[in-house]
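Trainee: Below: one structure in structure tokens.
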Amino acid sequence: MPGVADRVIVVTGAGGGLGREYAMLLAREGALVVVNDLGGARDGSGAGHSMADAVVQEIRDAGGTAIANYDSVATEEGAAALIKTAVDEFGTVHGVVNNAGILRDGSFAKMTTENWESVQRVHLWGGYFVTRAAWPYFKEQNHGRVVMATSTSGLFGNFGQANYGAAKLGLVGLINTLAIEGRKNDILTNAVAPLAATRMTADIAPQEMLDQLPPAHVAGVVGYLMSDECTDTATVVVAGGGSVRRVALFQNKGAHFATPPSIDEVAAQWDLITDMSGAELGLNPLG
Ligand SMILES: NC(=O)c1ccc[n+]([C@@H]2O[C@H](COP(=O)([O-])OP(=O)(O)OC[C@H]3O[C@@H](n4cnc5c(N)ncnc54)[C@H](O)[C@@H]3O)[C@@H](O)[C@H]2O)c1
């Protein structure tokens with residue numbers, strides 16, 4: 001069977017919002033799904049079992065296969081226990097959707113180290129911990145799929161989200177290298193920046209916009225990136241409201257200096273240095 005059938009896929013933060021949609025679609029398509037959710041509030045406080053349990057019940061009622069896990073992705077032990085749930089229940093893990101997330105918004109002038117750190121912990125460290133715990137299984141079986149939840153706030157910036165944006169673009173940096181290291185073992189690592197009406201966006205975007213952004217629009221994109229058919233790696237797409245678009249870093253021809261340039265010489269060439277006409281997809285010159 002094509003797609004994700006019989007693949008063991010962990011979806012973090014799947015007790016609501018986008019993660020729930022991903023888990024439901026993957027299970028509908030025959031994947032064996034681990035529904036992870038800490039069960040706390042939007043800012044990461046609190047915990048509970050009811051969110052993950054409810055999604056597992058929905059999946060089972062619809063004839064799918066799923067098991068709940070309530071560990072926090074923000075700790076190495078939590079991530080290890082999450083992957084252990086997959087392995088104990090289904091024998092291995094084929095894919096991870098790093099979707100769990102929290103918000104601690106505030107302008108940079110008011111940023112506290114606690115709000116900076118807790119957001120890095122869940123998004124960037126969480127993506128690292130869970131993917132790192134699954135990686136040996138991916139290598140061993142020569143197959144793995146990773147999707148990171150990134151954000152337009154990281155790709156383009158957003159007022160009040162310095163902590164969140166830095167973490168979200170950090171995940172893109174992570175998949176760029178994981179794509180290189182994983183390719184020979186058919187481990188593909190991609191990222192999706194969703195746009196969807198969830199509790200996370202409830203008071204951030206106007207209601208007329210949110211009405212156009214049901215989370216279900218994003219699930220098929222994540223499903224494709226988790227599928228056997230997918231061959232892309234290190235690809236970033238923005239998905240929501242019926243549109244799915246690639247975002248990539250381009251590099252222009254720039255300016256060249258035969259000798260170390262002075263400040264004035266750089267200034268004189270600045271228009272050429274920053275002119276993006278004729279730019280091409282960027283590649284690491286050291287890679
Ligand atoms: N909704 C959007 O438009 C949008 C835009 C850009 C990025 N995102 C990203 O998509 C992902 C899903 O967001 P959402 O909009 O569905 O919000 P959401 O709040 O509904 O979902 C996030 C889920 O993660 C869980 N979670 C939080 N901390 C956790 C932890 N430490 N361990 C395990 N689970 C934890 C929460 O309990 C929650 O169910 C997030 O990573 C978010 O940053 C969403």
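Trainee: Run a plain Debye calculation on the range 1-100 (Cα atoms as equal point scatterers, no solvent) and give log10 I(q)/I(0) at q = 0.12, 0.18 Å⁻¹, rounded to two decimals, same order as the q list.
Mentor: -0.32, -0.71
Trainee: Measure nothing fancy, just the Cα-based angle from helix 126-141's long axis to the longest principal axis of the chain, in degrees from 0 to 90, nearest 10.
Mentor: 70 degrees
Trainee: Next question, about the same structure. Using each residue's phi in the range 144-153, evaluate 6.51 cos²θ - 1.76 cosθ + 1.60 at θ = phi - 60° and report the 3J(HN,Hα) Karplus result to the nearest Hz, with x for Gly and Pro.
Mentor: Listing the rounded values in order: x, 9, 10, 10, 9, 7, 9, 7, 4, 5 Hz.
Trainee: From Cα coordinates alone, what are the radius of gyration and Dmax values for the range 120-257 in angstrom?
Mentor: When restricted to the Cα atoms of the range 120-257, Rg and Dmax are 16.1, 52 Å.
Trainee: Which cross-chain or sequence-distant (5 or more) residues have an amide H under 5 Å from the amide H of residue 188, H modelled 1.01 Å from N in plane?
Mentor: 144, 145, 146
Trainee: Eigenvalues of the Cα gyration tensor times 5, then square-rooted: what semi-axes does that give for the range 177-278, in whole angstrom, largest first?
Mentor: In descending order, the three semi-axes are 37, 23, 11 Å.
Trainee: Let me ask something additional. Helix 263-274 sits at what angle to the longest principal axis of the chain, using alpha carbons and giving 0 to 90 degrees rounded to 10?
Mentor: Between the helix axis and the principal axis of the chain, the angle is about 50 degrees.
Trainee: Collect residues whose amide H, placed 1.01 Å from N in the peptide plane, falls under 5 Å from the amide H of residue 65; neighbours closer than 5 in sequence don't count.
Mentor: HN-HN under 5 Å from residue 65: 33.
Trainee: Just the Cα atoms of the range 240-287, one point each, no solvent: what log10 I(q)/I(0) does Debye give at q = 0.19, 0.21, 0.33 Å⁻¹?
Mentor: The Cα Debye sum returns log10 ratios of -0.77, -0.85, -1.14.
Trainee: For the chain, what does the helix formula give at 222 nm: sum of -39500 (n - 2.57) over DSSP H segments with n ≥ 4, over the residue count, nearest 500 deg cm²/dmol?
Mentor: After summing the helix terms and dividing by residue count, I get -12500 deg cm²/dmol.
Trainee: Further question: As I understand it, the value is the acute angle between the Cα axis of helix 50-61 and the longest principal axis of the Cα atoms of the chain; what does it come to in degrees, rounded to 10?
Mentor: 70 degrees
Trainee: Local charge sum around residue 239 (other residues, Cβ-Cβ under 11 Å, Lys/Arg +1, Asp/Glu -1)?
Mentor: After counting each charged neighbour, the total is +2.
Trainee: If amide H atoms are built 1.01 Å from N in the plane of the peptide, which residues on other chains or at least 5 residues away come under 5 Å of the amide H of residue 47?
Mentor: none
Trainee: As a test question: what accessible area, to the nearest 10 Å², does residue 257 have when a 1.4 Å probe is rolled over all protein chains in place?
Mentor: 80 Å²
Trainee: For the chain, what is the convex hull volume of the alpha-carbon atoms per residue, in Å³?
Mentor: 161 Å³
Trainee: Also, I was wondering about something else. Tell me, what is the FRET efficiency for residue 280 and residue 258 to the nearest 0.05, using R0 = 25 angstrom and their Cβ-Cβ distance as r?
Mentor: Rounded to the nearest 0.05, the efficiency is 0.60.
Trainee: May I ask what percent, to the nearest 5, of DSSP beta bridges between residues of the range 142-286 are antiparallel?
Mentor: The antiparallel proportion sits near 40 percent.
Trainee: Could you check how much of the accessible area of the chain is carbon and sulfur, as a whole percent, using a 1.4 Å probe?
Mentor: After summing per-atom areas, the C and S share lands at 55 percent.
The values are calculated or read from the model by the stated rules, or taken from the named source; none is laboratory data. Keep in mind that this is a model prediction, so the values were computed, not measured. Heads up, the Cβs are rebuilt from the backbone with ideal geometry, glycines too, and the neighbour counts pull from every protein chain shown. The area values use the complete protein model at the heavy-atom level, side chains included, leaving out ligands, DNA and RNA. Shrake-Rupley method; radii C 1.70, N 1.55, O 1.52, S 1.80 Å.
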